[in-house]
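In what follows, a structure is listed as structure tokens, so that the remarks can point back to it.
What follows is calculated from the coordinates using simple rules that are stated; it is not laboratory data. Computed from a predicted structure; not experimentally measured. Here the Cβ is made from the backbone with ideal geometry for all residues, glycine too, and neighbour counts use every protein chain on show.
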Amino acid sequence: MNLSLPVQDQLDLADGVARYLDGRFPLARLREGVTDATHWAGLAELGMFGIALPEAQGGLGLGWMENALACREAGRYLLSPALVGSVLGAQVAAAGDDIALRDALLRGERRAGLAVPLSGGQVQLIDAGDGLCLLLEGDVLSLHEAKLKKAKVASCIDESLQLHRIARTELSGRRVRNAQLAQGAQLLFAAMLCGVLEQARDMAAAYARTRVQFGRPIGAFQAIKHRCADAALAAELCWSQTLAAVSALQAGAADAEFHAVSAKLLAGEEALKAARANIQVHGGMGFSDEVDAHRLLKRAHVLHQLPGDPRLARSRLLDLEMEL
Amino acid sequence: MTLEPGAAFRAQVREWLQANTPAQPCPPISRDGCGQADYLRHWQRTLFEAGWAGINWPVEHGGRGLSQREQIIWYEEYARAGAPDMSGLFVGLQHAAPTLMLRGTPAQQAFHLPRILSGEAIWCQGFSEPNAGSDLAGISCHGVVDGDHLVVNGAKLWTSFAQAADYQELLLRTEPGSSRQRGLSWVICDMRTPGITVSPIKSMDGEYHNCEVHYEDVRIPLANVVGELGEGWKVSMATLAFERGTAFIESQMRLAATVEKLVAWARDTVDAQGRALVEDAGVAGDLGELRARAAGLRAMTYHGAARCQAQSVPGPEGTYVALMLAELKQQVYRLWMSLSGLAGLQLHAGGDNAVPVEQYLFSYAGTIGGGTSEIRRNIIAERILQLPKHDAVAERVA
């Protein structure tokens, strides 16, 4: 196993993304019902959709490390998972020589939601209000235009996101078989979940430091302290595994898929746990709509299902190659 | 195509371990501890003579002066080769030696470091006491200065491998009337000094891992104090930081190998219907997740190692690894027990496909020894997340 730390330039890039998101995509926007589509094009100015695409293709020509760092920041601010859909969508469009679609995605004029296959020939679309969606099956990524008029609309547990259900036959688009991109999808969702997890950890710790009951901050009680410590351990665990996945992916290691799927599975499970703990630490406020704790939990539920069923990932990890 | 950094080193290590790993496993710790002590002394001597001891120790202390990268490669290959568990030498190699390098006098270093490295001297740790377990600052075993000696009286408890140890890192109260962290000293104690009585304690796995040690007018030269008299707490915190940081690499490499063994076992073991255990989707999922967790733990170790390469003493982040290692180990053996059914009731079954019931029982020590999981969580919450200190005294009074 190899693991490289991000270097200063990469950390600076992450800082820039964080500053931008803090100004334009504060968590408060979700309370006000502002959808991410409103400021989507602004993300293009940062180059968010083409971080790993070569400069000749209109991207920044950087790598998976920068991409993962940016997605982790996006996760902290609960940016729509359509970020990952659009990043990978631009790659699929570029690979299929659809220059117009590639550039529209890079400029933030189009955004690609996610598609997950269901039983009975149906597909679940997540935040695909633009009609564009990215589907991942094994090593194959495909980018589709969906006829949303024929879709059934449903309310999402995460009210900032849209759900559509549509027949698979209503999707048409281009396919790319690319194992590295498929592993990259796992990696970027893992990184996003790391961001959600870290946000839950920080929110819980900040509340535990300041909320006073029984004459002292509740963080002095071990029952609270230990929940916060578990979230901190989980954040360290998941980001470390995500970095291991970055290194394996960059190196084209034989066990790159194992590490990417591991990173995604761990981050999904641990983000859910930390989001639950954050609600509990907040007590009554945690149950209220006013505090963002519930938004972290709901987003973790959505991301846990992407790019595919985590139950299948668990058993697949048994058979994937891993170098000891 | 370029080779992975350290690939040549890895190849050497692998080849040597293949040819030299003993066929006999390390014997359990008996009441007198002799069997395991002899075994470990001999094996460490072999490693030392072949140049595999102290890979990342500085050259001036008898090491090879290589980087942590090479040391990690050694542990990876060591676990892969199924080489003997060396936890009996843990205190000497991973506690005492780094502490002496950091705080010892040149004379202390020159005498002890070569003996630790060559396996000649086995060390034990005298920190916990009957009334100072998780609350380590409650130490009452004391030493009084008498000329150029300390005269020690009191007791230590849960001292691992004291029945076989030659030396002990002994934490004493040396300032009369002092309390808590003040007035303690970190002292090298020769276990053969008159007045020391060692009583082995039988553990839940049937071995004799720990001892109670009594001191009656034990005279220890003042020259054996490490650091200054009265600053033992500071010295011992440095030791514990090592324990909680990089020192666990060998153990967690071994855990990753254990998960692979469990997976292989579950492929080879059939249920009452004659189906391999992994055919069950629930079992396959649980095993897959354990593989991911073992990988995550390794990644966390590498992450920490890369981060603290610049620092000489690891920070509180080492606690993450220690906590997860102990809990994941229990989780792995628990799953193994739950999948084994009746086979898990049989001790010392032997054979390639046996359930490691003894290791399952021993895994209960991991979340207690060297700081309980609860204390470790307090450390993470207070030192990393900056939560307010747990006010134990106020709660006792209330």
> So how far, in whole Å, is the C-alpha centre of the stretch B:1-79 from the one of the stretch A:164-179?
Replying inline: 53
> What are the lysines whose alpha-carbon lies under 19 Å from the alpha-carbon of B:LYS329, with same-chain residues fewer than 8 places away excluded?
Replying inline: B:LYS261
> In what sequence do A:MET1, A:MET65 fall when counting other Cβ within 10 Å, fewest first?
Replying inline: A:MET1, A:MET65
>> Taking R0 as 51 Å, what FRET efficiency do you get between B:GLN68 and A:SER288 from their Cβ-Cβ distance, rounded to the nearest 0.05?
In response: 0.60
> So what is the calculated 222 nm ellipticity per residue for the protein assembly as shown, using -39500 (n - 2.57) for each DSSP H run with n of 4 or more, over all residues, to the nearest 500 deg cm²/dmol?
Replying inline: -15000 deg cm²/dmol
> What list do you get for B:HIS142, B:HIS348 if you sort them by fewest beta carbons within 10 Å?
Replying inline: B:HIS348, B:HIS142
> Counting Lys and Arg as +1 and Asp and Glu as -1, what is the net charge of the other residues whose Cβ lies under 15 Å from the Cβ of B:ALA162?
Replying inline: -3
>> Quick check on the stretch A:5-162: take the gyration tensor over C-alpha atoms, sort the square-rooted eigenvalues as a ≥ b ≥ c, and tell me if it's rounded (a/c under 1.5), prolate or oblate.
In response: oblate
> Which pairs break 18 Å Cα to Cα here: A:LYS273/B:LYS389; A:LYS225/B:LYS389; A:LYS273/A:LYS298; B:LYS156/B:LYS202?
Replying inline: A:LYS273/B:LYS389
>> Taking the number of other C-beta atoms within 10 Å as the exposure measure, put B:PHE161, A:PHE221 in order starting with the fewest.
In response: A:PHE221, B:PHE161
